[in-house]
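First up is the structure itself, then whatever we jot down about it.
Read the figures in this text as sums done on the coordinates, not as results from a lab. The shown structure was predicted, so the numbers you read here are calculated from the model rather than taken from an experiment. When we count neighbours, we look across all protein chains shown, and the Cβ atoms used for this are built from the backbone with ideal geometry, even at glycine.
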Amino acid sequence: MLELLGRDLKKAGIEFYTITGATPKQERLRLVNDFNNGTVPVFLISLRAGGTGLNLVGADMVIHYDPWWNLAVQNQATDRAHRIGQTRTVNVVKMIATDTIEEKIIQLQEAKREMADAIMSGEGTSLASLTKEELLELVR
C-alpha cells in the first residue's frame, strides 16, 4: 500500500519519506529528524515500523489507510505523533472503503474494544459467558 501511495504522491509532485521495517535504524532517525524539522510534508510509515521508537512531533495529521486486526498496533502508531514536545493539534483519520475486508476489520476492532471496555469496567457480559454464535459474530 505504501508503494501505491508513494507513486501517487510522486505523480502529484509531493515530497515524502517512507519508513518500513526494512529501514535501518540510523536512516529512520535521520528521516524522523528531517520530518520533525519540516523538511518534507508527508511521511509514509508502515504500522509495524510506526508502532515503536518514533517521535513524530512534526506531525499534525495521522491517516490510517490500511487497518490492522489489532487496534492496539494502530493506537501505538498514532501515539508517535502525540509525544512529549508536540505543540500542534493532531487530527487522526481512518480511511476505509465500503464493502471491503478493511470495513470488516474496523467492525471487529470496535466489537473487541467494546468487549474489553465492558470486561475491564466490570459491566456487561464477560467473555466466558458469550455464546458460540456471539463469538462467531465477532469475527464475521
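A few points about this structure:
- Report summary: the helix-based calculation at 222 nm, which adds -39500 (n - 2.57) for every DSSP H run with n ≥ 4 and divides by the residues of the chain, gives -13500 deg cm²/dmol.
- Gain in span if fully extended, residue 69 to residue 96, counting 0.36 nm per residue against the direct Cα distance: 8.4 nm
- Each residue of region 101-106 was assigned a 3J(HN,Hα) from its phi angle through the Karplus curve 6.51 cos²θ - 1.76 cosθ + 1.60 (θ = phi - 60°); the sequence is 4, 4, 4, 5, 4, 4 Hz, with glycine and proline shown as x.
- Theoretical gain in end-to-end length, residue 89 to residue 12 [0.36 nm per residue, Cα-Cα removed]: 25.1 nm
- Contact order for the chain, expressed relative to its length and based on alpha carbon pairs under 8 Å spaced 6+ residues apart, stands at 18 percent.
- Amide H contacts under 5 Å for residue 64, placed H, 5+ residues apart: 93, 94, 95
- As a calculated quantity, the FRET efficiency between residue 104 and residue 37 at R0 = 35 Å, using C-beta atoms, amounts to about 0.35.
- Scanning residues 5 or more positions from residue 43 or on other chains, those with amide H under 5 Å from its amide H are 17, with H placed 1.01 Å from N in the peptide plane.
- Gyration tensor verdict on region 2-94 (Cα atoms; rounded if a/c is under 1.5, prolate if a/b is larger than b/c, oblate otherwise): rounded
- Qualifying lysines (Cα of each under 22 Å from Cα of residue 112; at least 8 residues distant if same chain): 94, 104, 132
- Derived scalar couplings between HN and Hα for region 8-24 equal 5, 5, 4, 4, 7, x, 9, 6, 7, 10, 9, 10, 10, x, 8, 6, x Hz in order, rounded to whole Hz, by the Karplus curve 6.51 cos²θ - 1.76 cosθ + 1.60 (θ = phi - 60°), x for Gly and Pro.
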